[in-house]
Amino acid sequence: STFSGPWFDMYLTAREPVVLNFNAFMSFNPDPKSEYNDQLIRATNMTVSAVRFMKTFRAGYLEPEVFHLNPEKSDTEILKKIIRFVPSSISWFGAYMVNAYPLDMSQYFRLFNSTRVPKLNRDELYTDENAKHLLVLRNGNFYILDVIDRDGNMLKPSEIQAHLKYILSDNSPAPAFPLGYLSSENRDTWALLRKNLLDNGNEEALQKVDSAVFCLSLDDFPVKDFVHLSHTMLHGDGANRWYDKSFNLIITKDGTAGINFEHSWGDGVAVLRFQNEVFKDSTKAPAVSPQSQPASVDSSRAVQKLDFKLNDALKAGITKAKQKFDASVESLSLNLIQFHKGGKELLKQKKVSPDAVAQLAFQMAFLRQYNQTVATYESCSTAAFKHGRTETIRPASIHTKKCSEAFVRDPSKHSTEELQKLIEECSKYHGRLTKEAAMGQGFDRHLFGLRYLASSKGAALPDFYQDQAYAQLNHNIISTSTLVSPSVQLGGFGPVVSDGFGVGYQVQDDWIGCNVSSYPTRNGKEFLQCVHKSLEDIFNVLKGKKISS
């Protein structure tokens, strides 16, 4: 698609720091066998599973994901077999017949050995598939070790375990000027500092960082609760992350694991597939057990600690980056709730879309809290198309506005049946928007493409794009994203505008989880209280109960 180029451009030309502005996180569920949640055991098992996934993908054995518009009809063994044996040029036709589309996997190659490299005005995505080493961060120190040997085979799990154990027991002090902070800087500032790093004799060390299979971040503290977990995975302390890597696999002292990923190269879909496979493989077929002995190998030779040569300008740059990072993180609030009075099962029973109900609750909550309706964004994957990225679902509609006003302003004016009907309208309309977005019929990317064409011809931007309404539509105060997966406990991201909410949510069978990020101009805790109240009201109305304002 000619579209994916400009979309990459949009991410790569953005100059804001990637941390909080673009990078998102998803945390893993704990291993069901609690003794496997040991930091060393889990780090070894997940690293081994990640390398297995990479090798499977590169060998061309990874089955494409399939997007189902009609799940009951198409997700059958027989269909999978048929599609596997149909030549790829026409296999989409078999899928088309049953409304199931294999998803584009062009993003996956950037999952490994990849980094976003800061350059003035526009960053570059760099990938070196020949590199065989892993980057490990601990206590702000950088280590590298080979996980693949000369013949292209993975190292024995017991050897990887020995090397990680060596790193975990290394008592080198934390660096006075941790390099990790640089990857949290404004992109132009970072580009200039990087040039200085290269000129100061750090070319080989940076090359090792950029080309590593991925970055494994080992944190020296346990996770206290879900809010602490979210902060740890979304941004951490800044010293023990390399935010430019395609992803950081983060494992804390108590074996809690998560992924922080850079967003320009790919979307949640590719990362989630990777995460699901790594979780399944590391829990169902773990490479090492709590009883396993690490191999008796000389890790002091296999593990190399990277040493960076810093001049005064670089030291000053790191200090400044740390100050800016600390200030950003200080201003960020993360809050979360779990609603336990119902979920997907009850909503399906009542024939309303679970996603529509969650989105309706956000609209009601914002209306209750701030007495207005604002631009709202929900991302939807368009990977059913070649090089498809995402399209926007616009959950704020005349239907949600009408329904929210009825619930918030004066519910006693309406009969329960009327309120139920309003919910059903919202659900129908949201379902239509979702299907349109997934099938490439949304308007946001279309307008984005036309705008890109206009500006690439060097003409004046059409008036439409200079209209207040267009600016307001793209100032997404409520930005939302959802995922439900057996391997993911929680996902989240920062607000996309300074006066916005970043809402990650999941609708489970009998509960609904929601976490929200915000800056000081908005109160995320109060917003979630309003979301809870809205969900309560919606569920009560669906059950035929009266509600009070």
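Just a few scattered comments:
- Residue match in the range 205-226 (condition: polar (S, T, N, Q), assigned by the TED database to the domain that holds LEU314 and in contact with a helix residue (DSSP H, G or I) (Cβ under 8 Å, 6 or more places away or on another chain)): no
- Of residues in the range 220-236 being without any contact (Cβ under 8 Å) to a residue 40 or more places away in the chain and in a loop (DSSP other than H, G, I, E, B), the one nearest to the chain's Cα centre (by Cα): GLY236
- Qualifying strands (runs of 3 or more DSSP E) (wholly inside the range 119-187; at least 2 residues being under 21 Å from GLY255 (Cα atoms)): 133-138, 141-146
- Odd one out for LYS341, checked against (1) outside the structural domain of GLU159 (by the TED database); (2) surrounded by 14 or more Cβ atoms within 10 Å (Cβ to Cβ); (3) assigned to a helix (DSSP H, G or I): (3)
- Of all residues making up the range 192-213, the number that are out of contact with any strand residue (DSSP E or B) (no Cβ under 7 Å at 6 or more places or on another chain) and open to solvent by 10 Å² or more (accessible area, probe 1.4 Å): 13
- Residues satisfying the stated conditions in the range 290-342, i.e. farther than 30 Å from TYR505 by Cβ and aliphatic (A, V, I, L, M): ALA295, VAL297, ALA302, VAL303, LEU306, LEU310, ALA313, LEU314, ALA316, ILE318, ALA321
- Some residue of the range 245-264 being open to solvent by 10 Å² or more (accessible area, probe 1.4 Å), farther than 17 Å from GLN161 by Cβ, touching a residue at least 60 places away in the same chain (Cβ under 8 Å) and touching a Leu at 6+ places or on another chain (Cβ under 8 Å): yes
- Qualifying residue in the range 315-323 (condition: in a loop (DSSP other than H, G, I, E, B) and hydrophobic (A, V, I, L, M, F, W, C)): no
- Residues of the range 528-538 satisfying the condition of being out of contact with any helix residue (DSSP H, G or I) (no Cβ under 7 Å at 6 or more places or on another chain) and under 13 Å from GLY343 (Cα atoms): HIS532, GLU536
- Of all residues in the range 200-219, those that are over 15 Å from THR127 (Cα atoms) and part of a helix (DSSP H, G or I) total 6.
- Of the residues making up the range 295-304, not a single one is closer than 25 Å to ASN523 by Cα and either open to solvent by 30 Å² or more (accessible area, probe 1.4 Å) or in a loop (DSSP other than H, G, I, E, B) (or both).
The values are calculated or read from the model by the stated rules, or taken from the named source; none is laboratory data. Everything quoted here is computed from the prediction, not taken from an experiment. Counting neighbours? That spans all protein chains shown, and the Cβs are built from the backbone with ideal geometry, glycine included. Surface areas here come from the heavy atoms of the whole protein model, side chains and all, with no ligands, DNA or RNA. Shrake-Rupley method; radii C 1.70, N 1.55, O 1.52, S 1.80 Å.
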